[in-house]
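First up is the structure itself, then whatever we jot down about it.
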Amino acid sequence: MSDVSYYTPEGLKKLKDELLQLEQIERPRVTQEIADARDKGDLSENAEYHAAKEEQSLLETKIAKLKNVVASARIIDESQLDVSKILIHSIIKIKNTTNGMEFSYTLVADSESDIKNGKLSVNSPIGKGLLGKELGDVVEIKVPNGIMSFEVTAVSR
């Protein structure tokens, strides 16, 4: 399962830095915790040992997933994108046609998503619903609460 995801150079660097942190700092720390807990005796009744082994398992899973994301990541050449349509890395403004509220977002890959900072995943229901739309389009998008209607009021890079 290697779905290609598109990133800015900064977004890909952030992913690689996180992977480096996990592999070079967190992994040795957890390995040391396991060794320290093992030295305390009977492993069958050693809660510290079992907790450290569980943490190691979760860490290795996270590392494997992150390696897969980095391996399938591509840096997008924004100069080649059609600026008239909403694509990944588009900066958009949308207006909820029901209540008139306006929102500004940058569409990004899943791992860069941060709603509080205006970064919306292209794989979210709203992100998927907006892809390919143009300025002035009114879009009805199925969200967990029902169907929402948005008007695209601005599209830029």
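The values are calculated or read from the model by the stated rules, or taken from the named source; none is laboratory data. These numbers were taken from a predicted model, which means no experiment stands behind them. Positions of Cβ are generated from backbone atoms using ideal geometry, with glycine treated the same way; all protein chains shown enter the neighbour counts. In case anyone asks, the SASA skips ligands and DNA or RNA and just uses the protein heavy atoms, side chains included. Shrake-Rupley method; radii C 1.70, N 1.55, O 1.52, S 1.80 Å.
Peptides 90-97, 137-144 ordered by packing proxy, namely the average of other Cβ atoms within 10 Å per residue, highest first: 90-97, 137-144. Pairwise Cα distances in the chain exceed 21 Å in 58 percent of cases.
Nearest 20 debye, what's the magnitude of the dipole of the range 96-157 about its Cα centre given +1 on Lys and Arg Cβ and -1 on Asp and Glu Cβ?
Numbers: 6 positive and 8 negative charges, 21 e Å.
It works out to roughly 100 debye.
How long is the gain from residue 96 to residue 17 if the chain were fully straight, where each residue apart is worth 0.36 nm and the alpha carbon distance is subtracted?
Values: separation 79, 0.36 × 79 = 28.44 nm, distance 3.71 nm.
Net length gain for the segment: 24.7 nm.
Taking the helices alone, the chain has a mean residue ellipticity at 222 nm of -11500 deg cm²/dmol, built from -39,500 (n - 2.57) per DSSP H run of at least 4 residues and averaged over all its residues. Here the relative contact order of the range 32-127, from alpha carbon pairs under 8 Å that lie six or more residues apart, stands at 13 percent. Taking every protein chain into account, the 1.4 Å probe leaves residue 36 with about 70 Å² of accessible area, to the nearest ten.
Roughly how tilted is helix 47-71, in degrees to the nearest 10 and between 0 and 90, from the longest Cα axis of the chain? That helix lies at roughly 40 degrees to the long axis. Among 34, 63, 126, the largest mean-square fluctuation in a Gaussian network model of the chain, built with springs joining Cα atoms closer than 10 Å, belongs to 34. Taking the Cα centre of the chain as origin, work out the dipole magnitude from +1 charges on Lys and Arg Cβ and -1 charges on Asp and Glu Cβ, in debye rounded to 20. Dipole about the Cα centre, nearest 20: 520 debye. Of the residues 156, 104, 35, the one whose Cα sits farthest toward the positive end of the charge dipole of the chain, with +1 on the Cβ of Lys and Arg and -1 on the Cβ of Asp and Glu, is 156. Summary of packing: across the peptides 102-112, 13-23, the per-residue average of other C-beta atoms within 10 Å ranks them, highest first, as 102-112, 13-23. Taking a threshold of 25 Å on the Cα-Cα distance, which of the pairs 16/119; 13/119; 16/40; 13/53 fall above it? Too far apart for the 25 Å limit: 16/40; 13/53.
Among 75, 91, 19, whose Cα projects farthest towards the positive end of the dipole of the range 1-131, with charges put on the beta-carbon of Lys, Arg (+1) and Asp, Glu (-1)? Among 75, 91, 19, the one farthest towards the positive end of the dipole of the range 1-131 is 91.
For the chain, the longest principal axis of the alpha carbon atoms and the long axis of helix 27-38 meet at an angle near 30°. What separates the Cα centres of the range 39-64 and the range 106-150 is a distance of 40 Å. Averaged per residue, the range 43-157 has 60 square angstrom of accessible surface, using a 1.4 angstrom probe with ligands and nucleic acids left out.
Provide the percentage of antiparallel DSSP beta bridges, counting only those with both residues in the chain; round to the nearest 5.
Details: 19 of 25 bridges.
Among the beta bridges of the chain, antiparallel pairing accounts for roughly 75 percent.
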